[in-house]
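Note sheet for the following structure.
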Amino acid sequence: MQMCWISATPRWPQHVDGCAAVASCLGHNISLRGIYGHPRRLVTDAARRLCQAIEANRPEELVKFVLMNTAGNSNRDIPEKISFGQKCVVGLIRLLLPPHVDNEKAADYLRTEVGKTDRAIEWAVVRPDTLIDESKVTEYDVYSSPIRSAIFNAGLTSRINVAHFMADLITNDDIWNKWKGQMPVIYNKASL
């Protein structure tokens, strides 16, 4: 299986040609420029361009696309329980923090424009909760929806566990078949 790393270039079809999977962990820098500067649609535009590049290559096999996102983004394909307070805070976050809207639009692009019956791409959107650094993979749990409030009772998810789960999605067909076309939420086991 060929893994592909993409830089900002107009030759994206060349870069993803022959790839069995593409993983995107793009995000905005936590700085004034990173949050309020350009590009405002970094994650969404990259997801769109990567998917268009995959489709331009007309792959013989479906290509897996895994997007890292956030537990603060709701999966609008299923009814997720969100408190009124969290809805209000997320509404404010949408107004005040453009990267949150970018994450929502990137996941929505996969859900609604690529969909579940695309001829070239299958996808999964991985939603970690509060990201932390750890030096090794630990036990973690994956759920179809958040089991706690991302705003008022956030869990912890180590970056290395997110990477481990994303790699498992790409390389393990059983795990992929369980989560493709979905937006699983991942938590470190110790934070539950």
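Key figures
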quantity: Span from the the stretch 144-172 Cα centroid across to the the stretch 25-85 one, whole angstrom; calculated: 15
quantity: Calculated from backbone phi, Karplus (6.51, -1.76, 1.60) coupling profile of the stretch 45-55 in Hz, x at Gly/Pro; calculated: 5, 5, 4, 4, 5, 5, 5, 5, 5, 4, 5
quantity: Computed accessible area, R49, all protein chains, 1.4 angstrom probe, square angstrom; calculated: 130
quantity: Surface share of carbon and sulfur [accessible, 1.4 angstrom probe, percent] for the stretch 34-192; calculated: 52
quantity: Nonlocal Lys pairs with alpha-carbon distance under 14 Å, the chain (8 or more apart, or different chains); calculated: 6
quantity: Inter-probe distance in nm under a simple model that places probes 7 Å from Cα toward Cβ, at T138 and D77; calculated: 3.0
quantity: For L50, solvent-accessible area (1.4 Å; no DNA, RNA or ligand), Å²; calculated: 10
quantity: For A21, distant residues with modelled amide H under 5 Å away; calculated: K64
quantity: Percent of beta bridges antiparallel (DSSP, the stretch 94-192, rounded to nearest 5); calculated: 45
quantity: Label corresponding to Kirkwood radius over Cα pairs in Å when calculated from the structure given, among (1) 19.9; (2) 17.1; (3) 18.1; calculated: (2)
quantity: Karplus-derived HN-Hα couplings along the stretch 153-170 (A = 6.51, B = -1.76, C = 1.60, θ = phi - 60°), whole Hz, x at Gly and Pro; calculated: 7, 5, x, 10, 9, 7, 4, 5, 5, 4, 4, 4, 5, 4, 5, 4, 4, 6
quantity: Model label zone, I30; criterion: amide N under 19 Å from point 7 Å along Cα-to-beta-carbon; scope the stretch 60-77; calculated: 68-73
quantity: Residue order for Y140, Y187 - accessible surface, 1.4 angstrom probe, largest first; calculated: Y140, Y187
quantity: Phi-based couplings in Hz for the stretch 71-79 (Karplus 6.51, -1.76, 1.60; Gly and Pro marked x); calculated: 5, x, 9, 7, 8, 7, 7, 10, x
quantity: Set of the stretch 144-175 residues, backbone N closer than 16 Å to the point 7 Å along the Cα-Cβ line of L131; calculated: 155-167
quantity: DSSP-loop GluC sites (Glu not before Pro) across the stretch 37-80, with at most 11 other Cβ within 10 angstrom; calculated: E60, E61
quantity: Å² per residue, accessible surface of the stretch 1-148 at 1.4 Å; calculated: 59
quantity: Computed accessible area, R159, all protein chains, 1.4 angstrom probe, square angstrom; calculated: 120
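The values are calculated or read from the model by the stated rules, or taken from the named source; none is laboratory data. Quantities reported herein were computed from a predicted structural model and do not represent experimental measurements. Cβ: placed from backbone, ideal geometry, glycine included. Neighbour counts: every protein chain shown. Keep in mind that these areas ignore ligands, DNA and RNA; they rest on the heavy atoms of the full protein, side chains included. Shrake-Rupley method; radii C 1.70, N 1.55, O 1.52, S 1.80 Å.
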